[in-house]
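One structure below.
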């Protein structure tokens with residue numbers, strides 16, 4: 001039996017992924033699975049650009065609002081949850097549509113998990129103290145001495161990833177880049193087809209990457225959206241979160257773009273003007289990293305997220321390339337283009 005269909009819809013922040021996915025959900029027999037490491041947190045709505053209640057009622061998303069901001073969610077947890085949900089969706093005769101911008105989650109789902117050591121709380125605290133005393137650039141330089149490959153691909157202010165890479169080296173004695181090489185990537189099913197099939201991911205995947213034809217337009221969207229977040233009350237939202245939960249600034253949730261800068265503002269470390277500037281700059285860096293990930297995925301079909309006929313093009317791709325294939329007893333999906 002041929003693999004069941006699934007759709008991956010990926011793109012940088014502010015590329016319009018959610019809007020496209022919601023519209024597709026009205027015209028295709030799909031169920032949406034969020035692939036976003038920030039949307040998993042409850043009560044973090046403004047700074048994550050979480051779909052509002054009306055949107056979620058129109059197009060429900062799996063894996064949104066599943067943990068508190070004090071908790072952690074890993075790529076391994078996502079992979080387990082996503083595989084379970086994909087199987088359940090397929091069994092209902094529908095098609096999983098995974099949408100988001102957390103490329104590490106997509107990579108973990110498609111290729112399995114890397115043989116990396118687990119996080120060490122004591123070591124993490126020690127590195128936090130070193131960052132507080134010397135700055136993250138100091139740790140970035142230390143990382144470059146032991147893992148030049150990883151240091152070169154990380155921005156010098158990417159605290160979370162620099163810290164994790166150093167942690168991996170200290171615990172394992174080996175650079176993260178070397179450990180990642182032990183992971184066997186899955187070969188694409190067809191060059192340029194946007195499809196990938198694997199024994200442990202038994203789906204025929206239509207993999208779509210939303211890439212802006214004009215980076216300046218994306219930057220403008222990012223600036224406008226972050227300014228709007230501030231107007232909507234991002235700082236007040238963080239204040240309410242800190243009153244409701246015993247949050248610390250080094251928690252995963254508080255390292256999310258926007259919340260990290262809002263925390264600095266609340267602590268009097270930066271001004272309101274700097275909050276806006278740093279938030280926009282951090283979001284642009286995030287988008288740059290996401291685009292780098294996407295460019296490194298050779299089996300994606302790249303579409304211009306600024307195109308006026310984007311939804312119609314994706315609908316045609318879904319109809320032409322994803323052929324219904326359901327397990328015995330399940331309703332076969334019907335691609336209704338009306």
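Every number here is computed from the coordinates shown, using simple stated rules; none is lab data. Predicted, not measured: the structure shown is a model, and the values here were computed from it. Quick reminder, even Gly has a Cβ in these numbers, built from the backbone with ideal geometry, and neighbours come from all protein chains shown.
The table below lists the values:
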quantity: Nearest-0.05 FRET efficiency for residue 54 and residue 319, computed from C-beta distance (R0 35 Å); calculated: 0.80
quantity: Nearest 10 degrees, 0 to 90: helix 75-91 Cα axis against the chain principal axis; calculated: 20 degrees
quantity: Relative contact order %, segment 121-181, counting alpha carbon pairs below 8 Å whose residues are six or more apart; calculated: 30 percent
quantity: √(5λ) per eigenvalue of the Cα gyration tensor, segment 1-102, largest first, Å; calculated: 22, 17, 12
quantity: Per-bin percent of Cα-Cα distances, segment 209-308 [10 Å]; calculated: 14, 39, 27, 16, 3
quantity: Relative contact order of the chain, pairs being alpha-carbon contacts under 8 Å that are 6 or more residues apart, as %; calculated: 29 percent
quantity: Approximate spin-label separation residue 170-residue 134, in nm, with each point projected 7 Å along Cα-to-Cβ; calculated: 1.1 nm
quantity: Three-way shape call for segment 121-181 based on the alpha-carbon gyration tensor, with the a/c threshold at 1.5; calculated: oblate
quantity: Spin-label zone in segment 104-138 - amide nitrogen under 18 Å from a point set 7 Å from the Cα of residue 85 along the C-beta vector; calculated: 104-112
quantity: Ranked packing of 158-171, 34-47, 76-89, most packed first, by mean Cβ within 10 Å; calculated: 34-47, 158-171, 76-89
quantity: Pairwise centroid distance, computed over Cα atoms, of segment 222-295 with segment 122-166, Å; calculated: 20 Å
quantity: Unit Cα scatterers, Debye sum, segment 92-138: log10 I(q)/I(0) for q = 0.14 Å⁻¹; calculated: -0.65
quantity: Between 0 and 90°, nearest 10: helix 234-244 axis offset from the chain longest Cα axis; calculated: 80 degrees
quantity: Cα-based helix-to-principal-axis angle, 17-27 vs the chain, degrees rounded to 10; calculated: 20 degrees
quantity: Expected 222 nm ellipticity per residue - DSSP helices of 4 or more, -39500 (n - 2.57), all of the chain, to 500; calculated: -15500 deg cm²/dmol
quantity: Theoretical gain in end-to-end length, residue 231 to residue 155 [0.36 nm per residue, Cα-Cα removed]; calculated: 24.5 nm
quantity: Highest to lowest packing among 286-292, 49-55, scored as the average C-beta count within 10 Å; calculated: 286-292, 49-55
quantity: Potential lengthening between residue 123 and residue 273 on full extension [0.36 nm per residue; Cα-Cα distance subtracted]; calculated: 50.5 nm
quantity: Stretch gain in nm, segment residue 71-residue 213, where the contour uses 0.36 nm per residue and the Cα spacing is subtracted; calculated: 47.4 nm
quantity: Per residue Cα convex hull volume in Å³ - calculated over segment 146-185; calculated: 70 Å³
